[in-house]
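Everything on this sheet refers to the single structure shown next.
The values are calculated or read from the model by the stated rules, or taken from the named source; none is laboratory data. Only a predicted model underlies this, so the values are computations on that prediction, with no experimental measurement involved. Cβ placement follows ideal geometry from the backbone for every residue including glycine, while neighbour counts extend to all protein chains displayed.
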Ligand code: SF4
């Protein structure tokens, strides 16, 4: 790595990889390493406490590992990123400073303005140029087409030119309702908090300007690569096989079912997507997991995860401002923990967020996202709230998932129809409704399910826009047949008022 002689590699908080990016082929003596903890970033948002702890602890752990390996590490705690860089430059005048290209558009602009040299990296499997080639002149960037291209290109789960198991997609086996047999689900190791973890927490406690919410860490989220590898091994051995059939199900008494809970480690750089999908494929080839579970998981990693990463860059900064349905409601206080809620599905999801900074993909899409869509929550506000709340939050994750997928705020570029549903879907895919004071089948009256009333109101409110989408024809026809649509919309208006006031 001769061209990095005397250079400084600035490692950002979601680039914590020793094996990839600019540190991948460097050794001690090749470069200095800079980390900057920015007080402005720590204090600037109402972070979930576990999210903030995870990033700071993982940064400090990697810094210690690099020091132990012999690297010259400069770890700064500064007012902001610019101040940290300036202090480093003052101690090392004339040193080139380079960094792997940050994972957000604003991050790239900020570091470029500070004179940092940005270099391409291999933290993901798909380079921007590869994606641009694939997108080419396509009029629709369908995830399914992208995913099959990835499978072939990366040679993942392929038997020669054919997909392993004889099909590309096993979704039809993966939409089972939640089991009612009270079965137990695979557990995960809690890692003992160490001195670094406790120091991070003490620092947060001592700073009166830090405004976190949620429970503190209990060792659930890996802060080192070693811990992340334990989590990966546990998933492959115990949870991969049962993952598929119930990946869309929700149970009030079970927070993760057989989900991998690897996303925070992937998004921080502690694990690389290639090693994750290879480990999963090996398990399949050994006969340790069925094709529907294996394919469903690999679809999430080389399909969906890479797809949203590429779309974030492909669509650029303007995409963040999209708001096709003119939605301007604030994030409901029942989401943020600032108000309690009687909606059992929201209560269970937010309780999980409070306890673990985590909810799985259907809780995000069909509970929080669905209610936000039908209530008309402002897309960027929801995206930002999710970014600072979820353990795996990042702008590149949230912008396509929230603005494009959950809130349909791009007018249908990403998702061909809005993911709006009433209580019937939640009643089918969860056990939440059983103990809820609302009735998922009712759309009017005091015990009408808020999701159901809002669903019909959403269709009526946006009828003109949605009428041009042939995939919405059946739903719109159903809405027009409702004899009590006016009363439903009156109930929806009450729901919205109470939602805003934190009284629902
Ligand atoms: Fe949620 Fe409605 Fe079911 Fe209650 S009845 S849990 S509010 S979907």
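Overview of values
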read-out	value
Filter result for residue 392 (under 17 Å from the mean Cα position of the chain (by Cα) and modelled with pLDDT of 95 or more)	yes
Entirely in region 253-367, the helices (runs of 4 or more DSSP H) that have 3 or more residues that are modelled with pLDDT of 95 or more, touching a strand residue (DSSP E or B) at 6+ places or on another chain (Cβ under 7 Å) and surrounded by 20 or more Cβ atoms within 10 Å (Cβ to Cβ)	none
Residue list for region 186-202, filter: buried (at least 17 other Cβ atoms within 10 Å of the Cβ) and touching a residue at least 40 places away in the same chain (Cβ under 8 Å)	186, 188, 196, 197, 200, 201
Lone unmet requirement of (1) within 16 Å of the ligand (Cβ to nearest atom); (2) surrounded by fewer than 21 Cβ atoms within 10 Å (Cβ to Cβ) for residue 411	(1)
Some residue of region 93-103 being surrounded by 12 or more Cβ atoms within 10 Å (Cβ to Cβ) and out of contact with any strand residue (DSSP E or B) (no Cβ under 8 Å at 6 or more places or on another chain)	yes
Any hit, region 180-188, residues being more than 15 Å from residue 258 (Cα to Cα) and in contact with a helix residue (DSSP H, G or I) (Cβ under 6 Å, 6 or more places away or on another chain)	no
Subset of region 441-462 (residues that are under 16 Å from residue 416 (Cα atoms) and in a helix (DSSP H, G or I))	459
Lone qualifier among 57, 103 - being under 25 Å from the mean Cα position of the chain (by Cα), part of a loop (DSSP other than H, G, I, E, B), closer than 23 Å to residue 388 by Cβ and modelled with pLDDT of 95 or more	103
Count - residues of region 443-491 that are within 16 Å of the ligand (Cβ to nearest atom) and either out of contact with any strand residue (DSSP E or B) (no Cβ under 6 Å at 6 or more places or on another chain) or in contact (Cβ under 8 Å) with a residue 12 or more places away in the chain (or both)	17
For residue 150: the one exception among (1) under 30 Å from residue 295 (Cα atoms); (2) surrounded by fewer than 17 Cβ atoms within 10 Å (Cβ to Cβ)	(2)
Residue in region 388-404 that is closer than 26 Å to residue 297 by Cα, touching a helix residue (DSSP H, G or I) at 6+ places or on another chain (Cβ under 6 Å) and without any contact (Cβ under 8 Å) to a residue 60 or more places away in the chain present	yes
Region 414-423 - residue that is without any contact (Cβ under 8 Å) to a residue 40 or more places away in the chain and within 16 Å of the ligand (Cβ to nearest atom) and, of those, surrounded by the fewest Cβ atoms within 10 Å (Cβ to Cβ)	422
Residue list for region 108-142, restricted to those being surrounded by fewer than 18 Cβ atoms within 10 Å (Cβ to Cβ) and in a helix (DSSP H, G or I)	108, 109, 110, 112, 113, 128, 129, 130, 132, 133, 134, 135
Residues (in a strand (DSSP E or B) and either touching a residue at least 60 places away in the same chain (Cβ under 8 Å) or more than 8 Å from the ligand (Cβ to nearest atom) (or both)) located in region 424-440	430
Selection within region 242-252 - touching a helix residue (DSSP H, G or I) at 6+ places or on another chain (Cβ under 6 Å) and either in a helix (DSSP H, G or I) or without any contact (Cβ under 8 Å) to a residue 24 or more places away in the chain (or both)	243
